[in-house]
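What follows is a set of notes on a single structure, which appears directly below.
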Amino acid sequence: MLLKKKEEIENWLNQYNIENYELIKDEEYGYIVDVSGNVELQSKKLKSIEVKFNEINGNFYCEKNQLTSLEGSPKIVHGSFYCNDNQLTSLKYSPKKIKTQFNCSNNKLTSLEFAPEKTHDLIAYNNKLKNLNCKKIKIYGDFNVNFNQLSSLEDGPKHVGKNY
């Protein structure tokens, strides 16, 4: 459940030492959060991201937690997005655009549906992928889906710039 009240959101951000943020009033979420810099939420035993992030001018680290959903994740990340080593079964709510790398390895994903539309690298090794279901996305660098349960590479990305 996402926090909606300004004071609750600020308390949550302060609890996790998130600085250089701006709260933007939003009809759906109450407030959304832009951050100038990195968001470091790795290894915090989080079960959920309790605020709605919007745009991150840096990296977003939420790996090594107990996340089962990416609800609250930013729409745009101007660096990398790390959600590896969680309990994710879906990429619903993942960012739409990531400039550098999207790493969702070591989760319980069975599909890459809802993966970012654009990223440089997409790393999804060691999941339970049975199908790719990501034919609309563009990857400008590497695409790594090693150590999954794939029987085919059908419905793979629209474009991969380097290694597949």
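The values are calculated or read from the model by the stated rules, or taken from the named source; none is laboratory data. As the structure is a computational prediction, the values presented were derived from the model and not from experiment. Please note: Cβ atoms are built from the backbone with ideal geometry, for glycine as well, and neighbour counts cover all protein chains shown. Note: accessible area is taken over every heavy atom of the protein model, side chains too, but ligands, DNA and RNA are not part of it. Shrake-Rupley method; radii C 1.70, N 1.55, O 1.52, S 1.80 Å.
Listed by first and then second residue, the pairs with beta-carbon distance under 6 Å, at least 6 apart or on different chains, first residue in region 118-142 and open to solvent by 80 Å² or more (accessible area, probe 1.4 Å), second of a type in the set (Val, Ile, Thr), are 128/110; 130/110.
Where residues in region 81-111 are in a loop (DSSP other than H, G, I, E, B) and in contact with a Gly (Cβ under 9 Å, 6 or more places away or on another chain), which of them is most open to solvent (accessible area, probe 1.4 Å)?
Initial filter on region 81-111 (in a loop (DSSP other than H, G, I, E, B)): 83-96, 99-100, 104-111.
Checking which are in contact with a Gly (Cβ under 9 Å, 6 or more places away or on another chain) leaves us with 93, 99-100.
Details: 93: 101, 99: 144, 100: 62 Å².
Residue satisfying both the conditions and the ranking: 99.
Among the residues of region 34-56, those identified as open to solvent by 70 Å² or more (accessible area, probe 1.4 Å), among the charged types (D, E, K, R) and not in a strand (DSSP E or B) are 44, 45, 47. Count of region 70-80 residues, restricted to those that are open to solvent by 10 Å² or more (accessible area, probe 1.4 Å) and in contact with a strand residue (DSSP E or B) (Cβ under 7 Å, 6 or more places away or on another chain), is 3.
Tell me whether region 130-141 contains one or more residues that are more than 15 Å from residue 83 (Cα to Cα), in a loop (DSSP other than H, G, I, E, B) and among the hydroxyl-bearing types (Ser, Thr, Tyr). Walk me through it before giving the result.
Here is the first cut: in region 130-141, the residues more than 15 Å from residue 83 (Cα to Cα) are 130-141.
With in a loop (DSSP other than H, G, I, E, B) added as a condition, the list becomes 130-137, 140-141.
Imposing the further condition that a residue be among the hydroxyl-bearing types (Ser, Thr, Tyr) reduces the set to 140.
So far as region 130-141 goes, yes, one or more of its residues are more than 15 Å from residue 83 (Cα to Cα), in a loop (DSSP other than H, G, I, E, B) and among the hydroxyl-bearing types (Ser, Thr, Tyr).
Tell me whether region 14-33 contains one or more residues that are under 28 Å from residue 134 (Cβ atoms) and either among the small types (Gly, Ala, Ser) or not in a loop (DSSP other than H, G, I, E, B) (or both).
Taking region 14-33 and keeping what is under 28 Å from residue 134 (Cβ atoms), we get 28-29, 32-33.
With the extra rule that they be either among the small types (Gly, Ala, Ser) or not in a loop (DSSP other than H, G, I, E, B) (or both), the set shrinks to 32-33.
Yes, some residue in region 14-33 is under 28 Å from residue 134 (Cβ atoms) and either among the small types (Gly, Ala, Ser) or not in a loop (DSSP other than H, G, I, E, B) (or both).
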